[in-house]
Structure formats: structure tokens, C-alpha cells
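First up is the structure itself, then whatever we jot down about it.
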Amino acid sequence: MAKQNAVATQQQNAVDLAIDNKFIDQLSTQLTQKEQYGLAFPKNYSVSNALNSAYLILQETTDKNGQSVLKACTKQSIASSLIDMTVQGLSPVKKQCYFIAAGGKLRLMRSYQGTMAVAKRCGVVSVNAAVIYDGDAFEYKIEDGVNYVVRHDQDFMNIDNDKIKGAYAVVKLEDGSKYTEVMNIHQIKKAWKKGYGYKEGSGVHSDFADQMAKKTVINRACKNIINSSDDANLLEAFDNTTNNDELDVVSEDMTHEIETEANSEEFVMPEDSFNEPPNAEPVTLKGEVVETPEDKKAVNENKKSTDSDDPDWVKGVVEK
């Protein structure tokens, strides 16, 4: 077991050394070459600049134990996260994405700005969202399965984060058509609960509920547009990052710790633990019986009781 741990440590050290500027340059070259085989990147998007920016950020990013993610996460997960970032045309410097460590793997998390950036590659011109408060006059209709906002009148005094009833987002496409997503507060909170870092009644979801509601409905609206894209590479990278939105980081970390740390040291049971010594003799306890005055009195009383209970024929035999 000790040898296996030593080998694993050596392999991990080799991986750590592999995540350097040379690794980033090689990854950049490979992705650029794949453009000849159909891999597309957004206009004015520099793969090399995005990768180097991400590498600088990763050098300062740590896991929950304070260890650098470049050491705590596998090389494969780091490479996969960086590839998904570039295929979607995301920039960590523009806050379109960020990285977290979970279960010994690096995960790419896409912000709502990143989702909007990807949507623009799929024909989206603009995205606007609004919050519906208690007291607002809101009306929408559905025609052929498509939502249309008919009316939304809002009084200034209705604005209250504790009285949010829902939100909607309107996506305008290049062909002039519009797509509208409407969500009530129950749907919004259900989406929040699936996300990373949500705490009921506290945190940003409580302090900035209106902005978080807008982000949630924008994400859903853009996802529906992106899912209609015919770019297979983009869809795969988008789906990979979307799945991370519902990641249970605590559960992933706990599972990883159990798999990597539990029973890391081999326990050897002594051979004679369950065997008795040969020809073992039974142990005999010796001691002195001490008779107390109370014991003597009880014996005498018992004797008298026994004598008085003798049958008459026994007394007669004794007298003769």
C-alpha cells in the first residue's frame, strides 16, 4: 500500500509539472489546428489570449482546503474545462465564466453574461428582462405555444424584493422575431435551489433577489435558443457547463475524500488475535467464604422452621 501511495504521489507531481505555460501553448496550438476541421470560434476571439488569461486566474484559484486547483485537480479535468471555455468563446477576464474545484476535478461555471455571449453566436441580437412585483398589472398570452407579453404596468412603489411574483425575458433574434420566457417565483426559487451556493433567506439570492431573478429567466431564455443551434461542438461544451450549474459541490468533495483517503493505510491484524494459546488451562478463582452474623441468624431461623414442619410420624420415630 505504501508503494502504491508513493507511485500515486509521483504521478500527481508529474501532472502538476505538466500544467504550465508549455501545456497552455500546446493546447492553444491544438485548438487552432482544429479550426481546419470545422471547430468554430467567435469573431475577434483569441484562443491563445483566453487560455493564458485563464491560466493566470487558475494560478490564484484554490479549493476548499486552500490548495491550488492546478495541484488539487486532475490534468484531464483542467484541459476539459479550458477546452469547453474556448469552444463557447468565453472570457474569464470579462466575468463570462469562472472555475471551481469539486471532487478533485476542475469545473467550468458559466455566468449569465457568458450565457448571453454564447446566445449571440446563435442569432440573438438582444436580451431584456423585467421583474413582476405584487400589485403589477401583468398579462401575457400564448399563441401556437409561444409566449407574448401583452401588458406590464408597474407602479414605482410596487418595487420590493420581498414581493416578487415572477420575471420574464424577451429575446430578439436577427430575423426580427422574438422569444419570451416567463417564470413565476416558485419556478425561479426551484432553479436557485439547484444552483451552486444557494442558501434560503440569505446571500445574494436574498439581498439582490430582483437581479438574481432576471439572471435566472435570462439563462432559461438563452438556453432554449442555444439548444436549437446546429453547432455540435458548441452544444456539447454548453451542455457540459450547464450540468455544472446543478453540481452539489459538498457531495462531490465528500465522495472524493472517501475514495482517496479512506483506508489509505493498510491495517494488519495480528495472527494470534483470534487464537487461544495452545493447551490453555481453564482459570479457577479461589477465595474464602465469610459467614456474617446475619447469615447465621437466617440459617438458625430456617432450621427451626424446618423442624416445626416435620410430619408427626417423623417426630415419633425420633422419640422412640
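The values are calculated or read from the model by the stated rules, or taken from the named source; none is laboratory data. Since we're looking at a predicted model, the values are computed, not measured. Heads up, the Cβs are rebuilt from the backbone with ideal geometry, glycines too, and the neighbour counts pull from every protein chain shown.
Could you please tell me which pairs satisfy a Cβ distance under 6 Å, a separation of 6+ or placement on different chains, a first residue in the range 202-225 that is modelled with pLDDT under 90, and a second residue that is not in a helix (DSSP H, G or I)?
Pairs found: His205/Tyr198.
Can you spot a residue in the range 75-85 that is in contact with a Lys or Arg (Cβ under 8 Å, 6 or more places away or on another chain) and closer than 15 Å to Tyr45 by Cα?
Looking for residues that are in contact with a Lys or Arg (Cβ under 8 Å, 6 or more places away or on another chain) and closer than 15 Å to Tyr45 by Cα, one finds none in the range 75-85, hence no.
Based on what the data block shows, is Tyr179 surrounded by 15 or more Cβ atoms within 10 Å (Cβ to Cβ) and outside the structural domain of Gly89 (by TED's automatic domain parsing)? If you could, list the steps in order and put the result at the bottom.
Details: surrounded by 15 or more Cβ atoms within 10 Å (Cβ to Cβ): yes; outside the structural domain of Gly89 (by TED's automatic domain parsing): yes.
Yes, satisfied.
Whether any residue in the range 180-190 is of a type outside the set (A, V, I, L, M), in contact with a helix residue (DSSP H, G or I) (Cβ under 7 Å, 6 or more places away or on another chain) and at pLDDT 95 or above is what I want to check.
Initial filter on the range 180-190 (of a type outside the set (A, V, I, L, M)): 180-181, 184, 186-187, 189-190.
Narrowing further to those that are in contact with a helix residue (DSSP H, G or I) (Cβ under 7 Å, 6 or more places away or on another chain): 181.
Add one more test, that the residue is at pLDDT 95 or above, and what stays is 181.
So far as the range 180-190 goes, yes, one or more of its residues are of a type outside the set (A, V, I, L, M), in contact with a helix residue (DSSP H, G or I) (Cβ under 7 Å, 6 or more places away or on another chain) and at pLDDT 95 or above.
Of (1) in a helix (DSSP H, G or I); (2) free of Cβ contacts under 8 Å to residues at least 40 places away in the same chain, Lys43 satisfies all except one. Which?
(1)
For the subset of the range 110-145 comprising residues that are in a strand (DSSP E or B), free of Cβ contacts under 8 Å to residues at least 40 places away in the same chain and under 34 Å from the mean Cα position of the chain (by Cα), which member is nearest to Tyr168 (Cα to Cα)?
Going through the qualifying residues, I end up with Ile132.
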